[in-house]
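See below for the structure under consideration.
Computed from the coordinates by the stated procedures, all read-outs in this text should not be read as laboratory data. Computed from a predicted model, the values in this text were never measured in an experiment. Glycine also receives a Cβ, built like all others from the backbone with ideal geometry; neighbour counts cover every protein chain displayed.
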Amino acid sequence: MWSDEVSLEAAAPVGIARRGLVLILSSPSGAGKTSLTRALSEDKDAGLSVSVSVTTRAKRPSEIDGRDYSFIEVEDFLSLRDRGDLLEWAEVHGNFYGTPRRPVERALGAGTDMIFDIDYQGTRQVREKIGADVVTVFILPPSMGELKHRLERRAEDSRDTIERRLANARVEIERWSEYDYCIVNEDLDRSFNALKAILAAERQRRERQTGLTAFVQGLLAERV
């Protein structure tokens, strides 16, 4: 399904150490961030590790515990939050969501890139804590009518829930300008390739390549 127009094989130069980055995808429910997150995480060239959030909401029939989310009780979530063990957390539609902090910090230090599927509230918190390591992308629907159609086609929510998600979508979309990049997800293939291009460019940023100074010094010391 996913085309390979953008190759990431040469994204990290051989022999040059690089600190990992966090690629954050946000969107209103139904705009496509979950599908894009899954596609990127399954793409071998992308080389991304998935951040699995914890949540207190009920599992949907199509979801797998430990892959889409880790589903936990409210008491357990509040314990993680109060101990400072969450990189970010939020209450959305009456449920709690959060990202465990320690696995992320270990991955970045080891040069591993991670992908997050979180909302604008979580994005703000992550930026406050590890801003230099963060790249943010907001996924927009092509129209509100199409967004409603996608939510209805999913057939996993009640009519009242769909209406609540549509109302909340407008609040979320108003935050689009807080993000580094925006993609209108009219076609999944094109959106996927746009994300791969963003990832490839961000991996080449000078400040992310921690071994670049030593590499350049070695170049200058060469006598040919």
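Think of the chain as having a plus end and a minus end, set by charges on the Cβ of Lys, Arg, Asp and Glu; of TYR69, PRO141, SER177, SER177 sits farthest toward the positive end of this dipole.
Of the residues ARG81, ARG19, ARG205, the one that moves most in a GNM of the chain with alpha-carbon contacts below 10 Å is ARG205. As a proxy for reagent exposure, ranking SER49, SER191, SER143 by other Cβ atoms within 10 Å from fewest up yields SER143, SER49, SER191. Among ARG60, ARG203, ARG83, the largest mean-square fluctuation in a Gaussian network model of the chain (Cα springs under 10 Å) belongs to ARG83.
Under the criterion of Cα pairs below 8 Å and six or more residues apart, the relative contact order for the stretch 43-196 equals 21 percent. In terms of other Cβ atoms within 10 Å, GLU42, GLU172, GLU63 run from fewest to most in the order GLU42, GLU63, GLU172.
This model, with +1 at the C-beta of Lys and Arg and -1 at the C-beta of Asp and Glu, gives the stretch 23-215 a dipole about its Cα centre of some 260 debye. Over 24 Å between C-alpha atoms is what I'm after, so list which of LYS59/LYS148; LYS44/LYS148; LYS33/LYS59; LYS148/LYS196 land there. Correct reply: LYS44/LYS148; LYS148/LYS196.
Computed from the C-beta positions of ASP85 and LYS59, the FRET efficiency with R₀ = 25 Å rounds to 0.70.
A crude spin-label estimate for the pair GLU73 and GLU128, with each label 7 Å from Cα along the Cβ direction, gives 2.9 nm. Here the sum of -39500 (n - 2.57) over DSSP H runs of 4 or more residues, divided by the residues of the chain, equals -12500 deg cm²/dmol at 222 nm, to the nearest 500. Across all C-alpha atoms in the chain, the radius of gyration and Dmax reach 18.8, 72 Å. With R₀ fixed at 35 Å, the C-beta to C-beta distance from VAL50 to LEU220 puts the FRET efficiency at about 0.35. Beta bridges assigned by DSSP with both partners in the stretch 23-215 are antiparallel in approximately 30 percent of cases. GNM remark for the chain: springs join alpha carbons under 10 Å apart, and the peak mean-square fluctuation among THR56, THR210, THR136 falls on THR210.
Fewest Cβ neighbours within 10 Å first, please rank TRP89, TRP176 accordingly.
Fewest-to-most Cβ neighbours within 10 Å comes out as TRP176, TRP89.
Note on ARG190/ARG153: beta-carbon distance plugged into 1/(1 + (r/R0)^6) with R0 of 25 Å gives a FRET efficiency of 0.80. Between THR210 and HIS93, full extension at 0.36 nm per residue minus the direct alpha carbon distance yields a gain of 38.1 nm.
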